1. Does VAL129 meet the test of being without any contact (Cβ under 8 Å) to a residue 40 or more places away in the chain and open to solvent by 80 Å² or more (accessible area, probe 1.4 Å)?
2. Tally up the residues in region 168-193 that are open to solvent by less than 20 Å² (accessible area, probe 1.4 Å) and touching an Asp or Glu at 6+ places or on another chain (Cβ under 7 Å), please.
3. Looking at GLU161, GLU145, GLU165 in this structure, which one is open to solvent by 40 Å² or more (accessible area, probe 1.4 Å), modelled with pLDDT of 95 or more and not aromatic (Phe, Trp, Tyr)?
4. If I ask for residues that are of a type in the set (Gly, Ala, Ser) and either open to solvent by less than 20 Å² (accessible area, probe 1.4 Å) or at pLDDT 90 or above (or both), which ones from region 1-54 would you list?
5. Name every residue in region 196-219 that is under 16 Å from ALA236 (Cβ atoms) and open to solvent by less than 20 Å² (accessible area, probe 1.4 Å), in order of residue number.
6. Every residue in region 161-194 that is closer than 21 Å to GLU232 by Cβ and of a type in the set (Phe, Trp, Tyr), please.
7. Which of the residues that make up region 78-122 are assigned to a helix (DSSP H, G or I), touching a residue at least 24 places away in the same chain (Cβ under 8 Å) and over 28 Å from MET411 (Cβ atoms)?
Amino acid sequence: MPEPTSDEAKAKDCQKYLAVLAQQRLYWEPTIDNIIAYVNHGRRFVQDRDLYDGQPTGQYVYDDTAMLARNMLVDGMVGYLCTRNQPWFGLQIPGKLNFPRTSRMRSWSGQRVDSLPVVQKWLQDCEVVMYSAFNRSNFYDVNPEFISDGATCGTGYILAEEDVERAAIVFTVPHFRECYIADNQYGQADTVYRVYKMTLRQLVQKFGMDKMVEADRDFRKAYEDNIYEEREVLHAIYPRTDRQPGRIDARNKPWASVWVYRKGGCLNRTGNNQIGDSTGGATLLSEGGYDSMPAIAWRWRRNSDETYGRGPAHDAFVSIAKINQMARTNLVTAQRAAEPPIVAYADLRGAIQRQPNGITYKESNRGDIRARAPMPLNGTGVQNLPFSIEYEDRVAKIINQYFHTDVFMLMSQLSQAGNQSRM
């Protein structure tokens with residue numbers, strides 16, 4: 001996109017493009033919310049803007065087959081692809097060597113570069129450094145959530161930044177709600193806009209008090225009143241088009257990093273959805289850059305005509321909704337069978353004891369006691385479950401097939417068999 005020159009113009013430009021990206025994502029939000037409700041309800045909804053910590057979730061889930069299948073898929077991918085306990089990647093240089101006939105190294109011609117002992121040693125040292133960096137970071141803590149987002153929402157995000165004081169990399173997995181993306185001509189996500197809230201204390205730690213007071217004249221007073229009050233910021237990462245390659249300052253790096261302070265009045269509501277407004281309420285806090293893209297927008301499976309991805313939860317959603325409704329109906333039916341509604345004469349009000357071993361006493365002069373006894377409203381009090389257990393199991397197996405749980409169960413069994421054979 002064309003880049004403006006002044007800080008105010010850049011802030012407004014980011015707001016304008018945020019509104020465009022938010023409008024494009026608007027049609028995805030109801031579908032993602034439905035998937036979150038039944039497959040990962042603890043992640044909270046995209047369209048739930050009035051958030052608070054600890055809010056109850058999962059009130060409408062009556063069958064947890066999909067959540068268990070998702071957990072098995074995530075645990076299997078983490079355990080067998082990027083576990084903390086064993087090496088999970090190696091470095092290679094696939095290029096081949098080519099020496100002239102007069103060279104003493106001509107015997108190495110045609111062989112791979114990483115076959116040289118000195119190159120192998122260098123690659124091994126690099127691997128040790130990289131594994132050490134991963135162990136010092138929080139990568140292994142947040143990676144399961146990243147894979148879970150890919151399996152449920154279809155699109156997962158992970159951002160990397162450096163903690164200079166601890167000499168460590170910090171990985172963040174933002175909610176689908178926070179991020180808006182755009183693809184380049186090759187279908188790769190090269191633009192990521194993230195809108196989220198930071199406390200006043202965090203803003204001062206990142207940008208400094210002077211910068212925040214410059215952006216908001218009331219900031220210092222608000223900070224003195226409550227340092228944990230939250231304000232909204234926009235972090236825009238996109239390819240920089242007006243850079244001067246010969247310069248090495250942050251504003252000339254290939255990837256632009258623009259932080260915008262969004263103080264009130266910069267949000268419009270469309271139904272339950274908030275989108276950016278390109279007018280007012282935005283101040284540029286910082287502009288920097290990266291040598292490489294620090295944000296990964298991973299699509300589990302991406303259709304060529306769609307920006308956001310689709311995962312196993314999208315494919316299995318028909319079966320997930322079906323088994324949830326079946327479980328709810330069976331649960332209501334079973335409760336009615338155990339505690340059926342009854343019909344009784346009005347003069348028995350308060351005299352009927354429905355608890356176990358309860359005795360209802362009646363006066364003998366009320367006529368035929370058996371004729372006046374309370375009776376179930378449905379006649380017999382016995383109701384058959386409308387959906388058989390076998391039918392529910394069949395749908396549950398279909399859901400597990402969508403999440404490939406049989407593959408990870410097989411790998412787990414083979415691993416256990418291998419461990420037992422070595423004992």
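1. It is true that VAL129 is without any contact (Cβ under 8 Å) to a residue 40 or more places away in the chain and open to solvent by 80 Å² or more (accessible area, probe 1.4 Å).
2. 1
3. Criteria check complete, one pass: GLU145.
4. ALA11, ALA19, ALA22, ALA37
5. Selection gives MET198 alone.
6. Passing the criteria: PHE176, TYR180, TYR193.
7. VAL119
Okay, residues lined up against (1) modelled with pLDDT of 75 or more; (2) within 32 Å of the chain's Cα centre (by Cα); (3) open to solvent by less than 50 Å² (accessible area, probe 1.4 Å); (4) more than 29 Å from ASN71 (Cα to Cα):
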{"site": "TYR361", "(1), (2), (3), (4)": "no, no, no, yes"}
{"site": "ASN365", "(1), (2), (3), (4)": "no, no, no, yes"}
{"site": "ALA371", "(1), (2), (3), (4)": "no, no, no, yes"}
{"site": "PRO374", "(1), (2), (3), (4)": "no, no, yes, yes"}
{"site": "THR380", "(1), (2), (3), (4)": "no, no, no, yes"}
{"site": "GLN383", "(1), (2), (3), (4)": "no, no, no, yes"}
{"site": "ARG394", "(1), (2), (3), (4)": "yes, yes, no, no"}
{"site": "LYS397", "(1), (2), (3), (4)": "yes, yes, no, no"}
{"site": "HIS404", "(1), (2), (3), (4)": "yes, yes, no, no"}
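The values are calculated or read from the model by the stated rules, or taken from the named source; none is laboratory data. Treat the numbers as computed from the prediction; the structure is a model and nothing was measured. Heads up, the Cβs are rebuilt from the backbone with ideal geometry, glycines too, and the neighbour counts pull from every protein chain shown. Keep in mind that these areas ignore ligands, DNA and RNA; they rest on the heavy atoms of the full protein, side chains included. Shrake-Rupley method; radii C 1.70, N 1.55, O 1.52, S 1.80 Å.
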